[in-house]
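Undergrad: My questions will all concern the structure given below.
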Amino acid sequence: MVIHTRLRLIIQQGFKSDKHKYVSMRKMLSTAAISMSVFISCTTTRVSDTKGKHTDGPIEVAIADYAKTNKQFKKEKVFVVTRYDTLYKMELVKSDSQVYKWVRGQIYDRILAVNIISGNKQFSAKMCPTHALEIRGKLFYWWEEGVAPTSETMNLLSKYNLIQTDIDSRTSLPERLTDGSQKGADYFFCRNNIYKYKVVNTTKAIGYYEPPYVGCDNKE
């Protein structure tokens, strides 16, 4: 280290000098010590700043906006969150048996979506959500494939009475207890910039209506 080399040279020169130069050496040592202190302090600050930075995902961005702007946030207590990484335009087509059915059509490759809707439902311990977030006395929960719920998540779900206590209960997902006419909030994000999004409040499911233009092809 450069500072260590400088100190060693100062010490070597000091022992060869007279009393006057020895006093000068002490001043130089003090200056070097102060320089080292400043250097270490600056380095620590930069590391601390780097560790403090984080990036939210589309779910967290959607929840933050929902809690701030959606009227349902004040009326309800629990909200279900669903992320759609791949969006399809659902098309009604006639099959060979002359029966109409919905099939996947166009892919919206530049956007992804997050749906938020209120609804209380209980889960068995084996099928409970993997994530839960509490904001101002309200709970948001969702699933992430390949992730197990933490003890903190389980505690939050228990707090809002969302875990079945019946030992003989089935492990399948219960039906969502929501009003069919209730509007959900659909957030459409640019895949390359999640802070660029549009919100649609609707009773229709994602894919069954034309998503809004978000402007993901515009360079900013």
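Undergrad: Please go through region 115-138 and give me each residue that is touching a Leu at 6+ places or on another chain (Cβ under 7 Å), part of a strand (DSSP E or B) and closer than 19 Å to residue 72 by Cβ, ordered by number.
TA: 132, 134 - these are the residues of region 115-138 that are touching a Leu at 6+ places or on another chain (Cβ under 7 Å), part of a strand (DSSP E or B) and closer than 19 Å to residue 72 by Cβ.
Undergrad: Here's something else I'd like to know. I'd like the residue in region 63-101 that is among the aromatic types (Phe, Trp, Tyr) and touching a residue at least 60 places away in the same chain (Cβ under 8 Å) and, out of all such residues, is surrounded by the fewest Cβ atoms within 10 Å (Cβ to Cβ).
TA: Residue satisfying both the conditions and the ranking: 88.
Undergrad: Could you please find all residues in region 178-220 being at pLDDT below 65 and surrounded by 12 or more Cβ atoms within 10 Å (Cβ to Cβ)?
TA: Listed by number, the list holds a single entry, 178.
The values are calculated or read from the model by the stated rules, or taken from the named source; none is laboratory data. It should be emphasised that the depicted structure is a prediction, and the values quoted were computed from it without experimental measurement. No Cβ is skipped: glycine too gets one built from the backbone with ideal geometry, and neighbour counts run over all protein chains shown.
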